[in-house]
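> Let me give you the structure first, and then I'll get to my questions.
Only the coordinates and a few stated rules stand behind these numbers; no lab work does. Only a predicted model underlies this, so the values are computations on that prediction, with no experimental measurement involved. Glycine also receives a Cβ, built like all others from the backbone with ideal geometry; neighbour counts cover every protein chain displayed.
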Amino acid sequence: MSRVSYLERYLATSADTLRKLPVAAIDGVIAALVRALEAERFIYVMGNGGSAANAEHFVNDLGKGGMRGFPRRFKVLSLTSNVSLMTAWANDTAYDQVFAEQLRNFVGRGDVVMAISGSGNSPNVLNALTLARAQGAVTVGLTGGDGGKLKPLCDHCVLVASDDMQHIEELHLVVLHAIYSAIRDTYMPRER
């Protein structure tokens, strides 16, 4: 198979998977984030590897929203940002506690905890969601495949219908951009 035909097939699969995204589920996530904004609650975002990169990117977008004319700013934090704290928790407890232990200090009722996990089975993400639910937080998940163990822990779950991690991660970023753009352009339209 030539590289060109491989690329055509890869991009066709991306486009087909994109068309299958659950728009109603994405809208549910938007509503949860807007409620958190209006109630001045915190939003915590996490993930591992490529999902950590997507978490960081989304926190950057939401955090700079005030610069785009939002009437108020999101209180949004990434649980993947503080490497020294993450490695301290990993060293002193276990890696599966790096997100839950950070949340334990802050998370409260009405906050939003967003987990990004391609497999839906990352123990550190699952432990954090379990803690968040126990504290009364709204739980949001972005995952792939069948949703893994993450799906039943989420109040709102966006499932990318693929088992290919590259397609899952790229479409998670599309979903995150769509969420930000929808909030920016429909909930808080800028003066033109």
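> Using a Gaussian network model of the chain with C-alpha springs under 10 Å, which one of Ser181, Ser51, Ser78 is most mobile by mean-square fluctuation?
In this elastic network of the chain, the residue with the biggest mean-square fluctuation among Ser181, Ser51, Ser78 is Ser181.
> Considering just Cα atoms, how many Å³ per residue does the convex hull of the stretch 50-106 enclose?
Taking the convex hull of the Cα positions in the stretch 50-106, it is 80 Å³ per residue.
> Among Ile26, Ile168, Ile116, which one shows the biggest mean-square fluctuation in a GNM of the chain, springs joining Cα atoms closer than 10 Å?
So, out of Ile26, Ile168, Ile116, the one fluctuating most is Ile26.
> Send over the per residue convex hull volume for the chain, Cα only, as a whole number of Å³.
Convex hull of Cα atoms, per residue: 133 Å³.
> Does the stretch 4-93 classify as rounded, prolate or oblate by the C-alpha gyration tensor (a ≥ b ≥ c root eigenvalues; a/c under 1.5 gives rounded; else a/b over b/c gives prolate, otherwise oblate)?
The shape class here is oblate.
> Follow-up. Highest GNM mean-square fluctuation, the chain, Cα pairs closer than 10 Å: which of Tyr180, Tyr95, Tyr44?
Sorting by GNM fluctuation, first place goes to Tyr95.
> Quick one: what are the phi-derived ³J(HN,Hα) couplings along the stretch 137-149, Karplus 6.51/-1.76/1.60 with θ = phi - 60°, whole Hz, x for glycine and proline?
Values, residue by residue: 7, 7, 10, 10, x, 10, 8, x, x, 9, x, x, 6 Hz.
> Starting at the first residue of the stretch 8-19, write each ³J(HN,Hα) from the Karplus equation 6.51 cos²θ - 1.76 cosθ + 1.60 with θ = phi - 60°, in whole Hz, x for Gly and Pro.
In residue order, the calculated couplings are 4, 5, 4, 5, 5, 5, 4, 5, 5, 5, 4, 5 Hz.
> Which one of Val160, Thr139, Ala100 has its Cα pushed farthest toward the positive end of the charge dipole of the chain, where Lys and Arg give +1 and Asp and Glu give -1 at the Cβ?
Looking along the dipole axis, the top candidate is Thr139.
> Quick one: check the C-alpha center-to-center distance for the stretch 108-155 versus the stretch 1-75, whole angstrom.
15
> Could you tell me which of rounded, prolate or oblate describes the stretch 81-139, using a ≥ b ≥ c as the square roots of the eigenvalues of the alpha-carbon gyration tensor, with rounded for a/c under 1.5 and, failing that, prolate when a/b is larger than b/c and oblate otherwise?
oblate
> Rounded, prolate or oblate: which fits the stretch 97-178, taking a ≥ b ≥ c as square roots of the Cα gyration tensor eigenvalues, rounded meaning a/c under 1.5, else prolate when a/b beats b/c?
Since a/c reaches 1.5 and a/b is larger than b/c, the shape of the stretch 97-178 is classed as prolate.
> Could you name the lysines whose alpha carbon sits less than 23 Å from that of Lys75, not counting residues in the same chain fewer than 8 places away?
Here the lysines satisfying the reach criterion relative to Lys75 are Lys64.
> Amide H to amide H, which residues 5 or more places from Asp155 or on other chains are under 5 Å from it, using H placed in the peptide plane?
So Asp155 has HN proximity to Thr139, Val140.
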